[in-house]
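Read-outs: derived from the displayed coordinates by stated rules, not from any lab. All values reported here derive from a predicted model rather than from experimental measurement. Cβ: placed from backbone, ideal geometry, glycine included. Neighbour counts: every protein chain shown.
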Amino acid sequence: MLSSLFTISFLAALGSVAAVGPAAVNLRTAGNYAILAKTGVSTVPPSVITGSVAVSPIAAAALTGFSLTLDSTGEFSTSGQVVGKLFAASYAVPTPATLTVAIGDLGTAFTDATGRVNPNFSNLASGAIGGLILAPGLYKWTTGVSIGSDVTIAGGATDTWIFQVSGTLTIAAAKKMVLTGGALASNIVWVVTGAVTASAGSHLEGVILGKTSITLQTGTTANSRLLSQTFVALQKATVTN
Ligand SMILES: *[C@@H]1O[C@H](CO)[C@@H](O)[C@H](O)[C@H]1NC(C)=O
């Protein structure tokens with residue numbers, strides 16, 4: 001009895017300092033970008049993006065709606081909608097090679113995140129996770145996931161979450177991902193095989209590793225990196241990484 005009480009209090013003490021959840025997904029150089037995509041990034045102005053934006057292997061023509069100003073070096077451009085730089089595979093050396101590495105790193109991170117096994121939660125709530133409070137851990141859905149009301153991600157500043165979604169990820173209009181307990185967006189990964197759609201006025205938290213498109217409809221805000229193997233479409237959205 002005494003020893004089990006000791007064990008419980010010891011574990012409780014440990015829990016207050018030790019990180020809970022899966023090992024972090026290493027984004028490598030893909031983590032240098034707020035938005036990284038292979039086939040394009042579009043914006044319906046005015047969007048507000050804090051961090052760098054890049055496309056590769058496609059050329060700068062696939063950065064649409066930004067009213068780009070090419071820097072005199074030819075290595076990047078700027079936009080009134082981006083607090084940071086925009087890069088494309090068609091820009092001057094060393095940008096193309098740098099982006100090739102970043103896109104490779106994106107693929108590696110996607111493979112890592114989708115490959116994690118022994119989930120703590122499988123097909124939780126059949127993918128309808130609005131209203132739930134999500135503790136740290138590895139979550140796996142063999143279907144899409146929809147967020148129809150606010151969802152809470154609760155844990156400490158060193159805790160981690162990986163959400164594996166084999167299908168689409170959709171958050172309804174004006175609904176939010178809410179962080180509590182000190183949880184950090186940088187410790188949250190959504191790895192999604194289908195399209196990601198954030199409906200108008202919604203709010204996202206966490207790194208999104210998308211096999212296909214990521215669309216942020218009008219007025220969406222995101223404390224996120226949007227890393228897509230196809231395109232990212234923004235409509236008057238705010239992205240802060
Ligand atoms: C999640 O599952 C892993 C592997 O089975 C386990 O080691 C870990 O303790 C679990 N985490 C939680 C928060 O339940």
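Taking a Cβ cut-off of under 15 Å around Thr220, the surrounding Lys, Arg, Asp and Glu residues balance to a net charge of +2, with basic ones at +1 and acidic ones at -1. For Ser67 and Asn26, the difference between the fully extended length at 0.36 nm per residue and the C-alpha to C-alpha distance is 11.5 nm. Take the Cβ-Cβ distance between Ala19 and Thr39 as r, set R0 to 41 Å, and report the resulting FRET efficiency rounded to the nearest 0.05. Computed FRET efficiency for Ala19 and Thr39: 0.70.
Whole number please: convex hull volume per residue, Cα atoms of segment 144-199, in Å³. Measuring per residue, one finds 67 Å³ for the Cα hull of segment 144-199. For the pair Ala128 and Ala174, the difference between a 0.36 nm per residue extended length and the Cα-Cα distance amounts to 14.9 nm. How much FRET efficiency would the formula 1/(1 + (r/R0)^6) give for Val83 and Thr108, where r is the Cβ-Cβ distance and R0 is 25 Å, rounded to 0.05? With R0 = 25 Å, the Cβ-Cβ based efficiency is 0.35. Annotation: the residues Tyr33, Tyr139, sorted from fewest to most other C-beta atoms within 10 Å of their own C-beta, follow the order Tyr139, Tyr33.
Return the FRET efficiency for the residue pair Arg116, Ala157: r is the Cβ-Cβ distance, R0 is 22 Å, and the value is rounded to the nearest 0.05. Let's see the in-between values first.
Numbers: r = 21 Å, r/R0 = 0.97.
In this case the efficiency is close to 0.55.
Debye-formula intensities of segment 20-240, expressed as log10 I(q)/I(0) at q = 0.12 Å⁻¹, are -0.58 (one equal scatterer per alpha-carbon, no solvent). Summing Lys and Arg as +1 and Asp and Glu as -1 over all other residues whose Cβ lies under 11 Å from the Cβ of Ser166 gives a net charge of +2.
Of the peptides 131-137, 41-47, how do they stack up when ordered by the mean number of other Cβ atoms within 10 Å, highest first?
Values: 131-137: 17.1, 41-47: 19.1.
Taking the mean over residues of other Cβ atoms within 10 Å, the ranking is 41-47, 131-137.
Using Cα pairs under 8 angstrom and six or more residues apart, how large is the relative contact order of the chain, in percent? Display every interim value, and only then the final one.
Values: 692 pairs, mean separation 46.1, N = 241.
This gives 19 percent for the chain.
Separation of the alpha carbons by more than 24 angstrom is noted, of Lys176/Lys211; Lys140/Lys236; Lys85/Lys236; Lys176/Lys236; Lys175/Lys236, for Lys140/Lys236. Helix-only mean residue ellipticity at 222 nm, the chain, DSSP H runs n ≥ 4 weighted -39,500 (n - 2.57), per residue, nearest 500. What is it? The per-residue figure over the chain is -5000 deg cm²/dmol.
Rank by packing, highest mean first: peptides 151-161, 106-116, with packing defined as the count of other Cβ atoms within 10 Å averaged across residues. Walk me through the numbers on the way to the answer.
Values: 151-161: 19.5, 106-116: 17.3.
Listed from highest to lowest mean packing, they are 151-161, 106-116.
Around the amide H of Gly131, modelled in the peptide plane, lie the amide H atoms of Ser149, Asp150, Val151, Thr152, all under 5 Å away and 5 or more residues distant in sequence or on another chain.
Cross-link partners for Lys38 among the aspartates and glutamates, with Cα-Cα distance under 13 Å and sequence neighbours closer than 8 places in the same chain left out: Asp105.
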